[in-house]
Amino acid sequence: MSLQNPIFIPGPTNMPEVLRRACDLPTIDHRSAAFPTLLAAARSGVQSVLKSTSAQVFIFPATGTGGWETALANTLRPGDAVLAVRNGMFSHKWIKMCRDFGLEVVMTEVPWGEGFPVDWAQEQLEADKDHKIKAVLVTHNETATGVRSDVAAVRSAIDAAGHPALFFVDGVSSIGSMEFKFDDWDVDVAVTGSQKGFMLPAGLGITAFSDKAMRATDQAGLPRGYFNIQDMAASYAAGGYPYTPAYGLLNGLKEACDMLLDEGLDAVFTRHSRIANGVRAAVQAWGLEICAAHPDLYSETVTAIRTPARFDAGRVVAHAEAAYGVSFGAGLGDVAGKVFRIGHLGSLTDVMTLSGIATAEMTLVDLGLDITLGAGVAAAQNVYRQGKTTTFLEAAE
Ligand SMILES: *Cc1c(COP(=O)(O)O)cnc(C)c1O
């Protein structure tokens with residue numbers, strides 16, 4: 001890859017220079033008066049991005065995977081049941097972690113490209129009269145397939161079943177890029193990382209806990225050491241960490257939140273939605289299929305694109321990198337070799353996206369697909385220029 005090109009993998013994402021610099025701090029004494037101010041700003045910034053007024057934010061030197069573990073280890077007991085759906089590589093891995101912890105997983109598999117089956121979940125919860133299910137796990141945006149599940153609808157299903165389970169949402173590839181309403185959706189634990197919507201280097205596992213989830217931490221019984229949020233909460237109360245914090249990344253996180261909030265969350269979500277529409281218009285112009293099974297499921301942060309039968313999608317990723325120095329995402333798990341992915345989240349403009357679409361298009365043509373050069377780019381241009389209707393002559397009047 002070339003470091004001068006934008007990157008089109010769905011994380012880590014492109015880093016704005018201002019955030020790169022924000023991570024580059026001289027050594028800070030994390031027991032000095034400077035640190036608590038920084039920590040408080042980073043935590044309250046995350047809370048605002050989550051549209052929450054009450055979530056308790058815990059930030060670990062880790063990644064999103066550490067956030068999964070934080071959610072489980074702090075709230076559940078050995079043998080507890082959790083409800084989950086396998087619809088892509090990330091939901092698959094979170095389920096595996098549940099099993100590694102000795103949890104019983106009440107699960108269903110849906111074809112990769114489908115979303116969370118809300119009716120199935122409601123039936124399971126209604127049938128669970130003894131309340132053995134202690135938590136419902138949802139992957140808001142399945143990054144492997146570019147599928148967005150309806151978190152609000154899952155919340156409604158839990159409520160309709162009158163079930164007391166906790167509600168855990170993996171928002172690693174949605175938070176900061178797609179609408180996420182921690183309070184309105186009554187989420188109990190939200191999980192993300194620094195290297196996707198927050199546009200930072202990898203290195204932070206970011207979690208947010210509701211009051212209900214905080215209460216569950218008193219009865220939790222899974223092994224927990226490093227990810228114990230009770231230890232973290234005690235140190236936070238004193239303005240610090242139980243160990244050496246990643247203060248450069250925390251400063252980056254504070255700046256990233258400011259950047260998102262200054263742009264305006266709704267403007268950020270609209271930008272992602274417009275960019276995604278342009279990518280999907282290009283895919284349609286190429287005559288290729290989107291992995292997400294129907295438009296309600298389309299992700300605003302990543303598009304997985306099916307290549308024709310017997311055409312190894314991995315060749316697209318390999319050729320784009322070798323010939324043009326541009327990285328796209330490969331297919332994972334069940335869709336390996338069948339899809340390639342265009343990541344379109346984080347620090348990205350319409351104009352940057354056009355370069356990715358143009359590169360994917362050159363690659364597909366190079367590999368012999370029957371696509372007219374410029375077709376996808378033109379389709380995206382038509383999306384991106386909409387609303388800007390002032391013509392040259394009108395402007396000159
Ligand atoms: C990237 C990702 C993860 C894993 O996060 P890491 O930071 O790589 O540990 C989990 N879930 C989803 C949906 C992701 O996109």
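Below are the figures for this structure:
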| item | result |
| --- | --- |
| Contour excess over end-to-end distance, with Cα ends at Ser355 and Asp183 and 0.36 nm allotted per residue | 58.2 nm |
| Under the span-like rule (Cα at least 18 Å along the axis, Kyte-Doolittle mean at least -1.0), DSSP H helices of the chain | 34-49, 247-263, 265-286, 350-366 |
| Farthest toward positive dipole pole in the stretch 1-140 [+1 Lys/Arg, -1 Asp/Glu at C-beta], among Pro12, Gly79, Ser32 | Ser32 |
| Net charge dipole size for the stretch 265-396 [Lys, Arg +1 and Asp, Glu -1 on Cβ; Debye, nearest 20] | 20 |
| Label point distance in nm, Asp130-Asp296, each placed 7 Å from Cα along Cα→Cβ | 3.4 |
| Heavy-atom accessible area ranking, 1.4 Å probe, most first, across Trp120, Trp112 | Trp120, Trp112 |
| Neighbour cut-off at most 11 other Cβ (10 Å), DSSP loop, trypsin sites (Lys or Arg not before Pro), the stretch 103-182 | Lys129 |
| Net charge dipole size for the stretch 194-343 [Lys, Arg +1 and Asp, Glu -1 on Cβ; Debye, nearest 20] | 440 |
| Spin-label model distance (nm) - Asp24 vs Thr37, 7 Å beyond Cα toward Cβ | 2.3 |
| Among Phe35, Phe269, Phe60, residue whose mean-square fluctuation peaks in a GNM of the chain (springs only between Cα atoms under 10 Å) | Phe35 |
| Label point at Ser44 placed 7 Å out along Cα→Cβ; residues across the stretch 235-250 whose backbone nitrogen lies under 17 Å | 236-240 |
| Nearest-20 debye value, the stretch 22-107 charge dipole, Cβ charges on Lys, Arg, Asp, Glu | 200 |
| Residues Thr372 and Arg215, FRET efficiency given R0 of 56 Å [Cβ-Cβ distance, rounded to 0.05] | 0.40 |
| Relative contact order (percent, whole number), the stretch 2-114, Cα cutoff 8 Å, 6+ residue spacing | 16 |
| Helix-derived mean residue ellipticity, 222 nm - over the chain, DSSP H n ≥ 4, -39500 (n - 2.57), to 500 | -12500 deg cm²/dmol |
| Charge-dipole axis of the chain as Lys and Arg at +1 and Asp and Glu at -1 on Cβ define it, positive-most pick from Gly205, Val377, Thr307 | Gly205 |
| Beta bridges per DSSP with both ends in the stretch 62-213, % antiparallel, nearest 5 | 25 |
| Signed unit charges on C-beta, dipole axis of the stretch 246-285, positive-most listed residue Gly248, His272, Gln284 | Gln284 |
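The values are calculated or read from the model by the stated rules, or taken from the named source; none is laboratory data. Everything quoted here is computed from the prediction, not taken from an experiment. Please note: Cβ atoms are built from the backbone with ideal geometry, for glycine as well, and neighbour counts cover all protein chains shown. These area figures cover heavy atoms from the full protein model, side chains too; ligands, DNA and RNA do not enter into them. Shrake-Rupley method; radii C 1.70, N 1.55, O 1.52, S 1.80 Å.
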